[in-house]
Each structure stands twice: as C-alpha cells, then as structure tokens.
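Novice: The structure under discussion is supplied below as structure tokens; questions concerning it will follow.
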Amino acid sequence: MKGKQVLLTGGTGGLGLGVTPAVLAQDAEVTISYRNPKEVERLKHTLLPADFERLHFIPANLEEEASVENLINRIGRVDVLIHLVGGFSMGKIHEYSFFDWKHEFEINLNTTFLTCKHSLKSMWEHGYGRIVTVASKAANEPAGQLGAYSAAKAGVVALTKAIADETKGTDITANVVLPSVIDTPANREAMGAENADSWVKPESLAQLICFLASQAAKDIRGAAIPIYGNL
Ligand SMILES: NC(=O)c1ccc[n+]([C@@H]2O[C@H](COP(=O)([O-])OP(=O)(O)OC[C@H]3O[C@@H](n4cnc5c(N)ncnc54)[C@H](OP(=O)(O)O)[C@@H]3O)[C@@H](O)[C@H]2O)c1
C-alpha cells in the first residue's frame, strides 16, 4: 500500500485500534472517517508521533450520501477502501422493532454501499482499487436473535461479490472478511474476558485485511474469508 490513498472507515472503533497501526505500517496515506471525537482521542493515544504525518481525520456520517461524497471529495482520490464501519444489535424477530431492523441495514449495508459506490468512481477513473469490507460469521451461519444483523451482513457479502464481478478484467478488487467475535474493549466489557483467548485478535484480522488491500492481492477477488479464531 506504499504511497496509496487509503480510506479507512471505522478506524477509531475496536477493530480499528488494530487495523489503523497495521495500515500505517504499510507507508500508506491514511484518512479515517469518524463521528465520535472521543474515539479519535482514544486511537491517537495508541499511535506513534511519526504516524501522524500520514494520517488524516475527517468527520462523516456514512449513512448519508452527501456526507460520503463530501468525505471522498476532500480526500481527492481513493486507491484503497477498508470499510470497518458496522454495528450490532440482537433480539427475537417477533419482539424486534422495525426501526432497529432498518438501523442494522443502514449501519452495516447502506454504509458499505455508499462508501463503495463513491470510492469506486475514483477507482474506475484511475484504473486501480482495493476494497475490503467486513461482514460476520453470522452471514454464513445465521443464529437466533441475530436475524437483522445476519441478513444485513449477508447483504455485505453479496454486495462485495457483485462489485468483484463487475470489476473483473481490471486492477480493482473487492473482498470481504467474516470474523466471529473480535477481542475488542467493548466485547470484553460486555462479555467478560474469560473466553477472550478464543476470539479473533484485531491484530491478526488486520494482517488479513492489509494483505487483501495490497497490490500483491490482485488475483483475489470476490473472496468471503471466514476468520473465526477458535469459535
Ligand atoms: N466486534 C465484533 O466482535 C465483531 C464481530 C464480527 C464482525 N464485526 C464487524 O467488524 C466491524 C468493526 O467492529 P467493531 O467492533 O470495531 O465496532 P465498533 O467498535 O462499534 O466500531 C464501529 C465504528 O464504526 C463507526 N460508525 C458507526 N456508524 C457510523 C456511521 N453512520 N458513520 C460513520 N461511522 C460510523 C463508529 O464510529 P462512531 O463511534 O464515531 O459512530 C466506530 O468507529 C463492524 O463492521 C462489525 O459489524 C465485529
């Protein structure tokens, strides 16, 4: 990714704490979109002074098309899109509100569509692109109380594969990773750390994402890669 313009969405989130330093280590120029300034500060505390020379932060709500367009116009060119943004909620379908259902699709699928759509315009123009999206084990193995999340993440897989198909014959690729439980601060707080050894470390997921986002991965397209740790 040396010298590439990378848009890293969700880079301030729990997974982002592992992915951001890994992407910066590739000598890329990195723009992180964010909503919550407190999460930006949390991330900054984990980085090295030299990292800030190639790191930019732009506020954006990726559920709104105008905000995504503004973000990408400000970057100017996107060579690599690593889209980590997503969200999770659970509940039995007969008790689950339509509002929450739509929100799962907005945060997981609509943000993926909008960031891919506007990044692809730049990628088609320049003839180069790497897209890495994040789905979930739940897309492959939907479970009770995860109906909305599983359906939205299955949509992320389908969208990513469709992009990979329509960019065949170019140097633009799209691939999706499917983690089980990631060892993030929020998961440790919600579930305790007793089983954390079985979870996927953000650093190991970051290595997979960085490879898919690299020039070297030019022959991998439309892959939906499970990364389940020991779950
Ligand atoms: N954690 C897990 O165990 C797990 C398992 C499987 C898959 N995943 C997937 O992995 C990805 C990262 O998960 P995570 O644990 O790092 O989640 P996280 O800590 O909640 O981080 C999500 C990030 O997305 C940003 N975001 C949310 N809505 C946004 C919006 N509308 N516009 C712009 N930014 C928005 C958040 O920023 P703000 O806080 O500023 O809104 C945050 O930086 C997600 O796609 C998630 O579904 C996670």
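Novice: I'm trying to understand the selection: among the residues of the stretch 120-156, which are under 15 Å from E166 (Cα atoms) and of a type in the set (F, W, Y)?
Specialist: W124, Y128
Novice: Within the set of pairs 6+ apart or on separate chains, which have a first residue in the stretch 187-207 that is under 19 Å from V134 (Cβ atoms) and loosely packed, with under 13 Cβ neighbours inside 10 Å, a second that is of a type in the set (D, E, K, R) and modelled with pLDDT under 95, and C-beta atoms under 7 Å apart?
Specialist: Pairs that qualify, where the first residue is under 19 Å from V134 (Cβ atoms) and loosely packed, with under 13 Cβ neighbours inside 10 Å and the partner is of a type in the set (D, E, K, R) and modelled with pLDDT under 95: there are none.
Novice: Considering only residues that are over 12 Å from V132 (Cβ atoms), touching a strand residue (DSSP E or B) at 6+ places or on another chain (Cβ under 6 Å) and within 16 Å of the ligand (Cβ to nearest atom), which ones fall in the stretch 70-82?
Specialist: Result: L71, R74, I75, V78.
Novice: Being buried (at least 22 other Cβ atoms within 10 Å of the Cβ) and either farther than 23 Å from P226 by Cβ or within 9 Å of the ligand (Cβ to nearest atom) (or both) is the filter here; which residues of the stretch 155-176 pass it?
Specialist: Matches in the stretch 155-176: V156, I172.
Novice: OK, next. In the stretch 83-102, is there at least one residue being within 16 Å of the ligand (Cβ to nearest atom), among the aliphatic types (A, V, I, L, M) and assigned to a strand (DSSP E or B)?
Specialist: Within the stretch 83-102, not a single residue is within 16 Å of the ligand (Cβ to nearest atom), among the aliphatic types (A, V, I, L, M) and assigned to a strand (DSSP E or B).
Novice: Give all pairs with beta carbons closer than 9 Å in which a residue from the stretch 148-170 that is within 16 Å of G129 (Cβ to Cβ) and at pLDDT 95 or above meets a residue that is within 12 Å of the ligand (Cβ to nearest atom) and assigned to a helix (DSSP H, G or I); count only pairs at least 6 apart in sequence or on separate chains.
Specialist: Matching pairs, first to second residue: L159/L109; L159/T112; T160/T112.
Novice: Is there any pair linking a residue in the stretch 57-76 that is farther than 16 Å from K4 by Cα to one that is within 13 Å of the ligand (Cβ to nearest atom) and among the charged types (D, E, K, R), with Cβ under 9 Å and at least six apart or on different chains, and which?
Specialist: Here the result reads P59/R35; A60/R35; N61/R35; L62/R35; E63/E106, each pair linking the stretch 57-76 to a residue that is within 13 Å of the ligand (Cβ to nearest atom) and among the charged types (D, E, K, R).
Novice: Could you list, in sequence order, the residues of the stretch 90-147 that are of a type in the set (A, V, I, L, M) and over 29 Å from D171 (Cα atoms)?
Specialist: M90, I93, A138, A143, L146
Novice: F52 passes all but one of (1) out of contact with any Asp or Glu (no Cβ under 9 Å at 6 or more places or on another chain); (2) modelled with pLDDT of 95 or more; which number fails?
Specialist: (2)
Novice: From (1) buried (at least 19 other Cβ atoms within 10 Å of the Cβ); (2) under 17 Å from the mean Cα position of the chain (by Cα), pick out the condition that doesn't hold for L146.
Specialist: In the conditions (1) buried (at least 19 other Cβ atoms within 10 Å of the Cβ); (2) under 17 Å from the mean Cα position of the chain (by Cα), L146 misses (2) alone.
Novice: Need a quick list: helices (runs of 4 or more DSSP H) entirely within the stretch 130-231 having at least 1 residues that are in contact with a Gly (Cβ under 6 Å, 6 or more places away or on another chain).
Specialist: 147-166, 185-191, 202-212
Novice: Also, I was wondering about something else. Working only within the stretch 58-82, note down all residues that are surrounded by 14 or more Cβ atoms within 10 Å (Cβ to Cβ) and either at pLDDT below 95 or within 19 Å of D27 (Cβ to Cβ) (or both).
Specialist: Across the stretch 58-82, the qualifying residues are I75, R77, V78, D79, V80, L81, I82.
The values are calculated or read from the model by the stated rules, or taken from the named source; none is laboratory data. These numbers come from a predicted model, not from an experiment. Note that each Cβ is placed from the backbone with ideal geometry, even for glycine, and that neighbours are counted across all protein chains shown.
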